[in-house]
Amino acid sequence: MSMSVLGVLLDSCSVPHYIFKAAIQEDTLLVPKENLKGVQSLILRNRELPYDILVVKYEGNYTALQMLCTHNDVALSFAGNKLICNGHGSEFDLQGKVLREPAARQLTSYRTSIERDNLVIHLKG
């Protein structure tokens, strides 16, 4: 892991979760692929973003989800195999689908791509 990784969060289901301070460039977040080696999930943080973004690797593809509950705009906690809202108990799977109400809408997701040596999260369009 590079020095950009801020730390390991509490383990959940014996899987460490890393926070990465991601740079924004022209409405995208860039994550060097070297920071993804051996990691199934990564929380991206940038001061310009109001909420963290969770990146999950599944079957060779990456999903990027805004960690904000769609029910009442409360930040979500990452619990290994799901995201949990501490406000009213909504739960979401790692594809952003609602597992438990009161949330009725799935999480905001962002398009991802691999460009050169980076995972790119497209924040707009």
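Throughout, read-outs are computed from the coordinates displayed, never taken from laboratory work. Note that the coordinates shown come from a computational prediction; the quantities given were computed from them, not determined experimentally. So basically every Cβ, Gly included, is an ideal-geometry build from the backbone, and we count neighbours across all protein chains shown.
Mind checking the stretch 18-88 for trypsin sites (Lys or Arg not before Pro) that DSSP puts in a loop (not H, G, I, E or B) and that have at most 14 other Cβ atoms within 10 Å? Within the stretch 18-88, the qualifying trypsin sites (Lys or Arg not before Pro) (loop, at most 14 other Cβ atoms within 10 Å) are Lys37, Arg47. Electrostatic tally near Arg111: other residues with Cβ closer than 15 Å to its Cβ, Lys and Arg +1, Asp and Glu -1, net -2. Note on Ala23/Arg105: beta-carbon distance plugged into 1/(1 + (r/R0)^6) with R0 of 30 Å gives a FRET efficiency of 0.55.
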